[in-house]
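Note sheet for the following structure.
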Amino acid sequence: MPSLVSDSSTSVRSQSDWGVIQSLLPYLWAYKGRVIFALSCLVAAKLFNVAVPLILKDIVDRLSLPKDHLLLSVPLALILAYGLARLLTSLFQELREFFFVNVTQRAVRSLARKTFDHLHSLSLRFHLSRRTGQVMREVDHGARGVSTLISFTLYSILPLLIELSLVIGILAYRYEWTFPIIVAASLFFYILFTVLLTRWRTKLRRVWNELEARAQSKAVDSLLNFETVKYFTNEKFEAQRYDETLSQSEAAAIKSQKTLNILNAGQQCIIAIALTLMVWRAVVGVQTGQMSIGDLVLVNAFLLQLFIPLNFLGVIYREIKQALADMERMFQLLHAHKEVQDSMEAKPLDVRGGKIVFEHVSFSYETQRPILHDVSFVIPAGKTCAVVGTSGSGKSTLARILFRFYDISAGKVSIDEQDIRSLTQESLRRAIGIVPQDTVLFNDTIAYNIAYGKPGASIDEVQAAARAAQIHNFIITLPKGYDTLVGERGLKLSGGEKQRVAIARTLLKNPPILIFDEATSALDSHTEQAIAMQLKAMSANRTTLIIAHRLSTIVEADQILVMQAGRVIERGSFEQLLAQNGSFARMWALQNNGEEPTSVPTQASFAK
């Protein structure tokens, strides 16, 4: 079976680690006052931390004096200084974290919010080509990566570098050259070994992460399509697909853990050698009289302060590398190209009736697969235009273009003489309401889903919309009424109930332009008739585009367009199209059991 890991999973990242950090810096520098204060606390904490061994050395040296001088050997001030240095070390560390936690969390929140906003601004093409679960995982991991990077950098790496510089400087100033050389050399080999091995491990970790993401994506996809899996009794098939990815993930996890053991063993070996050499040189110095017992204690204390945190440098480095990789994926989402953008001169839509004009419009989702060819039509303000045709003829594409989910390849689309490409997308979409064929609801209450058409609407407004959509009486019969949860994608409601919620939501939005995208084609005849009448009432005095499958629902449309292979092949009223005896007449005959119509359907047969 081919590998489930794409080439992109192991490719070199498109942005360097420093580039990722540079992308993050503006979010931190927005709080430069807190950043500067936190860094000052960091330096102060390290200065007092280095002072602790120096004070301890003086205490030990004074204790080494003859016993008759013992009472005077350790002044109270020295003991108090030792305690104060330890206290101030901890105090400044806490102050650093106390003032910087706001910066970290605000940066995480700002980035996550900005990425989320950007995802909503991307085109429909982007979202159709990406798995939603994987996208949200990248946002979540990226946000956590920001917190991890800041935490380890400010609380581990930077303090360690400052302390190393101070310790090496003190050792070079007070003792022979071998001490700073041993510290610097051990640090060099430790970092070199850690970086080389961690780079290798990072590649393995990326493969592991990719496999985990794929496993999660498959699981989410399978559970979202729970009913389809049950329809075809493919539970074992889905479990096998999931397990195949888990098996590869397991192998990658085992390899990652083994390389971690090798890394830890090598790091401990370097630290042990460095400690041994430093203690040996200190012992020789004491024996030769060049160093005191206090100096031996000082060197040992410095080593403990340095190498205990240094022991975790490998873990820190790995976490930082992983955080950078996670952040890079989030920044890639944040910098994803907006296929549809407002122009610099974009203006709000000024609705003066809602006249819609398509002028010689051509469009293709892919260059090699054109969808619309030179389509032109006009929907006068307040009138209804229906579009019919076979599947794939481009009917639903008209709605997507009107919403400006995509920009057209050629031609012009205008509302009240305003090119929609010159308008802000927000004002354009605010003026259009849609009742789709497949109504997808949020996993929340009925009230929330209706109020989504007008965020902040009062319960009275929600109930008024529900009454207009003929669903209020049904809702109040439910045990929790408007607080009833509709379930994932609204699956706890029937098709007709979901459509009525969609109608109520659109009524609450109260747009001047309406689109019905095969809004009744998936319903039974009785429900279709009831909802079709509600849609008819909704469209009164509004500019309406109906994308229809059942021709009986559009007999009263002011204009009907018949599309085939992306072209308008017939147009006219219901009576005119029947009289032409062309494609529309044949479609009508097929939907009426092959009987040729002898007259125009009456009002009673409107939603047959």
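Among the residues of segment 171-229, count how many are outside any helix (DSSP H, G or I), open to solvent by 40 Å² or more (accessible area, probe 1.4 Å), under 30 Å from V279 (Cβ atoms) and of a type outside the set (D, E). Break it down into steps so the answer makes sense when it comes.
Within segment 171-229, the subset outside any helix (DSSP H, G or I) is 175-177, 225.
Now narrow it down to the ones that are open to solvent by 40 Å² or more (accessible area, probe 1.4 Å): 176-177, 225.
Applying the additional criterion that residues be under 30 Å from V279 (Cβ atoms) yields 176-177.
Adding the requirement that they be of a type outside the set (D, E) leaves 177.
Here the count works out to 1.
If you go through segment 136-170, how many residues are under 23 Å from the mean Cα position of the chain (by Cα) and surrounded by fewer than 16 Cβ atoms within 10 Å (Cβ to Cβ)?
Final tally of qualifying residues: 3.
Take residues that are closer than 17 Å to E339 by Cα and either open to solvent by less than 10 Å² (accessible area, probe 1.4 Å) or among the acidic types (D, E) (or both) and tell me which of the helices (runs of 4 or more DSSP H) falling wholly in segment 389-466 contain 2 or more. Spell out how you get there, then give the answer.
Numbers: elements: 395-402, 425-430, 446-451.
Passing ranges, in order: 395-402, 425-430.
For segment 541-568, which residues satisfy the criterion of being within 22 Å of H373 (Cβ to Cβ) and of a type in the set (A, V, I, L, M, F, W, C)?
Listed by number, the residues that qualify are L545, I546, I547, A548, I560, L561, V562, M563, A565, V568.
Residue pairs, Cβ under 6 Å, 6 or more apart or interchain, first in segment 99-120 and in contact (Cβ under 8 Å) with a residue 12 or more places away in the chain, second not in a helix (DSSP H, G or I) and not polar (S, T, N, Q). List them.
Correct list of pairs: V103/Y31.
Is it true that G353 is at pLDDT below 90, surrounded by fewer than 19 Cβ atoms within 10 Å (Cβ to Cβ) and not polar (S, T, N, Q)? Steps first, answer last, please.
Details: at pLDDT below 90: yes; surrounded by fewer than 19 Cβ atoms within 10 Å (Cβ to Cβ): yes; not polar (S, T, N, Q): yes.
Answer is yes for this residue.
From the list V60, V103, V74, V50, which residue is surrounded by 15 or more Cβ atoms within 10 Å (Cβ to Cβ), on the phi < 0 side of the Ramachandran plot and at pLDDT below 75? I'd like the intermediate steps shown before the answer.
On the way: V60 fails: at pLDDT below 75; V103 fails: at pLDDT below 75; V50 fails: at pLDDT below 75.
Criteria check complete, one pass: V74.
Failed condition for T245, given (1) in contact with a helix residue (DSSP H, G or I) (Cβ under 7 Å, 6 or more places away or on another chain); (2) open to solvent by 60 Å² or more (accessible area, probe 1.4 Å), with all others met?
T245 satisfies all of (1) in contact with a helix residue (DSSP H, G or I) (Cβ under 7 Å, 6 or more places away or on another chain); (2) open to solvent by 60 Å² or more (accessible area, probe 1.4 Å) except (2).
Do you know which of the residues in segment 282-317 that are under 17 Å from T194 (Cα atoms) and open to solvent by less than 40 Å² (accessible area, probe 1.4 Å) is modelled with the lowest pLDDT? If you could, list the steps in order and put the result at the bottom.
Start the filter on segment 282-317 by keeping residues that are under 17 Å from T194 (Cα atoms), which leaves 306-317.
Pick out the ones that are also open to solvent by less than 40 Å² (accessible area, probe 1.4 Å) and you get 306-307, 310, 313-314, 316.
Values: L306: 77, F307: 72, L310: 71, L313: 70, G314: 67, I316: 80.
Selected residue: G314.
Could you tell me whether any residue of segment 371-386 is under 30 Å from the mean Cα position of the chain (by Cα) and open to solvent by less than 20 Å² (accessible area, probe 1.4 Å)? Even if it seems obvious, please write down each step before you answer.
First, the residues of segment 371-386 that are under 30 Å from the mean Cα position of the chain (by Cα): none.
No, segment 371-386 contains no residue that is under 30 Å from the mean Cα position of the chain (by Cα) and open to solvent by less than 20 Å² (accessible area, probe 1.4 Å).
If you go through segment 252-278, how many residues are open to solvent by 60 Å² or more (accessible area, probe 1.4 Å) and within 31 Å of the chain's Cα centre (by Cα)?
3
The values are calculated or read from the model by the stated rules, or taken from the named source; none is laboratory data. Small disclaimer: the values here were computed from a predicted structure and weren't measured. Every residue, glycine as well, gets a Cβ built from its backbone with ideal geometry; the counts of neighbours run over all protein chains shown. Heavy atoms of the whole protein, side chains included, go into the accessibility calculation; ligands, DNA and RNA do not. Shrake-Rupley method; radii C 1.70, N 1.55, O 1.52, S 1.80 Å.
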